[in-house]
Amino acid sequence: MIISEAQFIREFEVMQDASFIFFLGAGASRTSGIPTANEMIWFFKRAIYCSVNNISPESCKDLANANVQQIIDSWIKNQPEHRNIKWEEEYSHFFEAAYPTKDVRKEFIENYVSQAIPTIGYKCLGALIRAGKIRDIFTTNFDRLIEAVCPNIFVISDESADRAYKVRVVDNSSKLIKLHGDFRYDHLRNTTEELRQLNQILESKMKEFLSQFGIVIVGYSGRDDSIMKVLEEIARDNLNSFPKGFYWCILKGERKYERVESLIKFLRESGRNAAFIEITSFDDFMINLYRFCGIKDEQVEAELTSIKGNKTPFFYKPQKTDLRPHLKTNWIKIKEYPTTVYSFKTDISEWSELDELVKGQPVLASFAYPKSIIAIGNRSVVENLFKDHILEPIQIRNITYEDIARINRDHGFVYSLFYSIFDRYFQERLKLQRFKKRCYWDKSRTEKFNSRWVENCWCFIHSAFNYALEYRDKELFIIIEPTVVVTKNKEEVLKSKEAKIAKNEYLSVWYNARWNEELNKWLNIIYSESKGIIGFPPNSEPPSARFVISDHFCFSSPKGGGN
């Protein structure tokens, strides 16, 4: 059974405080910069494939690309030691195959989790804990994101399991039980053998908690046998377990693991409340819980106010309908965009120094964390360019949803790098002229114009467009706004008051048909040059990074239908 997020939130708000244990998996930390289990599996497969075949990881850097996945997976499946691996064992199998040494596995994890920053979802979770709506958390994650938003929470992990003896299930203190360990210590559970069984003390305490509370599971796939086995044992051996309910969050359209479906079916048949909850993301789920419970946290409120993405956009989501949408927008869907970048510590601290270093080079770079650089380009070129400034080995960093969302607020490394790729494409590949920040014009598309509103104002009018990137509902778009620029001699852009009047006069007779004509012309120019591929460097093949845009504008209708 699947229930809506809205239904659960209504019931959660009504129920007694701290009725549910919240169980967080890797998916909850995705927007904080930590890859999910599925993404890590692809990291491991790529590492094995590239190292065995003496191939640079640069050649298959974009692991979100279906073609790259197909190349890697077809080779992997032909290797005897990697055949017939069960879905739930892929993470542990390929992690151990790629990095057999325990210390190396620990360092791999630490490289990701040590720099993770809590996103708005975790901050809302912290506010819910402080308000008493949520009290206790279980997690398979190694990171310290929960501790960051709740510094006073009592932590029990694999390496400190004896602390569990001091814990009473029902009291007013918040508790965090880290079932697979903490990245700061040595007892991390990653391999098939390690994941087969939980620490016995933690397992016992988990069963004790779930005999008195409900559970809400978020961001967890159910891959490791140790957790699933405990949940199944509790459900089977104690028919009074999960007294407040058993809820497993899944993303809309996400595959439901058969073992979880069977567990929910068993719980329902034995008279207990159990269901899947469809959510759009961990962050959105926690924001909605926070808001509906009427909590007001100063830090959370300030961040929510700054998140432009929370405002309702005019772009309507597609609906299944036989009616043809009839409002054409000026939004073009970006079907593919870069999902990984290079990251490294540096001694460069000033933008002027960074800009001077990459000037004229086939590399884009931006600051991210303090004294850390994010770069796009060929890895060997990046290494050579920054060879005197790299303090630690270069890492491949995932671009998170939260990273991309910052593009709407005009800041963040994604804002800098993504716009730079489009700017370089327009200038170097399409040979367009730049005017102001996001305006481009075509020298060849011009006509002589004699203004009737300004005396003796002969000028040249050039076809132009303004553009912006916008991230809505986990989709990225480029927005095109046709306009014109006024020049004196087809070279120098006029900025005088008279030029502005002439521009307004020229645009004043642009009705719908002309706007539509200009939109289609610019889309044709942008798309046709490279069949919708906006690559960087602009004239290299294959590019180090690329966007793929749609060949048509999005449509919407007042009833909400669109495509």
Inset, instruction - Amide H neighbours of Val155 under 5 Å, at least 5 residues apart or on other chains, H built in the peptide plane: list them. - result: Leu176
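What number, rounded to the nearest 500 deg cm²/dmol, is the helix-based mean residue ellipticity at 222 nm of the chain, given -39500 (n - 2.57) per DSSP H run of at least four residues and division by all its residues?
That calculation yields -10000 deg cm²/dmol at 222 nm.
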Inset, instruction - Provide the gained length on full extension for the span Met1 to Glu491, in nm with one decimal, where the gain is 0.36 nm per separating residue minus the Cα-Cα distance. - result: 169.9 nm
Inset, instruction - List every residue whose amide H lies under 5 Å from the amide H of Phe435, counting only residues 5 or more places away in sequence or on a different chain, with H placed 1.01 Å from N in the peptide plane. - result: Tyr440, Trp441
Inset, instruction - Round to the nearest 0.05 the FRET efficiency obtained for Glu258 and Glu455 when R0 = 56 Å and r is the Cβ-Cβ distance. - result: 0.10
Inset, instruction - Would you mind counting up the charge near Ala365? Only other residues with Cβ under 12 Å from its Cβ, with Lys and Arg at +1 and Asp and Glu at -1. - result: -2
Inset, instruction - For Lys265, go through the aspartates and glutamates and keep the ones whose alpha-carbon is under 16 Å away, minus same-chain ones fewer than eight residues off. - result: Glu232, Glu233, Asp237
Inset, instruction - Using DSSP to define loop residues, name the GluC sites (Glu not before Pro) in the stretch 416-508 whose beta-carbon has at most 16 other beta-carbon atoms within 10 Å. - result: Glu455, Glu491, Glu492
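Are there any GluC sites (Glu not before Pro) in the stretch 324-406 that are in a DSSP loop and have at most 10 other Cβ atoms within 10 Å? List them by number.
Sites meeting the loop and neighbour criteria: Glu350.
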Inset, instruction - Report the net charge of residues surrounding Tyr91, where surrounding means a beta-carbon distance below 9 angstrom and charges are Lys +1, Arg +1, Asp -1, Glu -1. - result: -3
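Sort the stretch 407-563 into rounded, prolate or oblate with this rule: let a ≥ b ≥ c be the square roots of the eigenvalues of the Cα gyration tensor; rounded if a/c is under 1.5, and if a/c is not under 1.5, prolate when a/b is larger than b/c, oblate otherwise.
prolate
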Legend entry - Pairwise label distance in nanometres, Val381 with Ser444, each label 7 Å out on the Cα-Cβ vector: 2.6
Legend entry - With DNA, RNA and ligands ignored, accessible area of Thr101 (1.4 Å probe; Å², nearest 10): 80
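Averaged over all directions, how much area does the convex hull of the C-alpha atoms of the stretch 331-378 cover when projected, in nm²?
4.7
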Inset, instruction - Tabulate in residue order the Karplus-calculated ³J(HN,Hα) for the stretch 380-386, using 6.51 cos²θ - 1.76 cosθ + 1.60 with θ = phi - 60°, rounded to whole Hz; enter x for Gly and Pro. - result: 5, 5, 4, 4, 5, 5, 9
Inset, instruction - Take every DSSP beta bridge with both residues inside the chain and express the antiparallel ones as a percent of the total, to the nearest 5. - result: 65
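Per residue, how many Å² of accessible area does the stretch 338-408 show with a 1.4 Å probe?
Here the residues of the stretch 338-408 average 45 Å² of exposed surface.
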Legend entry - Net +/- balance of residues flanking Glu336 in space, Cβ distance below 11 Å, scoring K and R +1, D and E -1: +2
Inset, instruction - Above 35 angstrom, tally the Cα pairs of the chain and express them as a % of all pairs, no decimals. - result: 47
Legend entry - Three principal axis lengths of the stretch 54-175 [C-alpha, angstrom, descending]: 55, 32, 24
Legend entry - Unsatisfied cross-links (Cα-Cα over 24 Å) in the set Lys123/Lys205; Lys443/Lys495; Lys436/Lys500: Lys123/Lys205
Legend entry - Gyration tensor over alpha-carbon atoms, the stretch 1-91, equivalent ellipsoid semi-axes in Å: 39, 15, 12
Inset, instruction - Working with all protein chains in place, sort Phe108, Phe154, Phe209 by solvent-accessible area computed with a 1.4 Å probe, largest first. - result: Phe154, Phe108, Phe209
Legend entry - DSSP-assigned coil residues among trypsin sites (Lys or Arg not before Pro) in the stretch 230-300, each with at most 12 further Cβ atoms within 10 Å: Lys252, Arg255, Lys296
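Whenever you get a sec, line up Trp42, Trp248 from highest to lowest accessible area (probe 1.4 Å, protein heavy atoms).
Heavy-atom accessible area, descending, gives Trp42, Trp248.
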Legend entry - In Å², nearest 10: area of Asp136 left accessible to a 1.4 Å probe: 10
Inset, instruction - Take the Cβ-Cβ distance between Asn67 and Val169 as r, set R0 to 41 Å, and report the resulting FRET efficiency rounded to the nearest 0.05. - result: 0.20
Legend entry - Protein-only accessible surface order, largest first, of Cys293, Cys124 at 1.4 Å: Cys293, Cys124
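The values are calculated or read from the model by the stated rules, or taken from the named source; none is laboratory data. None of these values were measured; they are calculated from a predicted model. Don't worry about glycine lacking a Cβ; one is built from the backbone with ideal geometry, like all the others, and counts go over all protein chains shown. Protein only, heavy atoms only, side chains kept; ligands, DNA and RNA dropped before computing areas. Shrake-Rupley method; radii C 1.70, N 1.55, O 1.52, S 1.80 Å.
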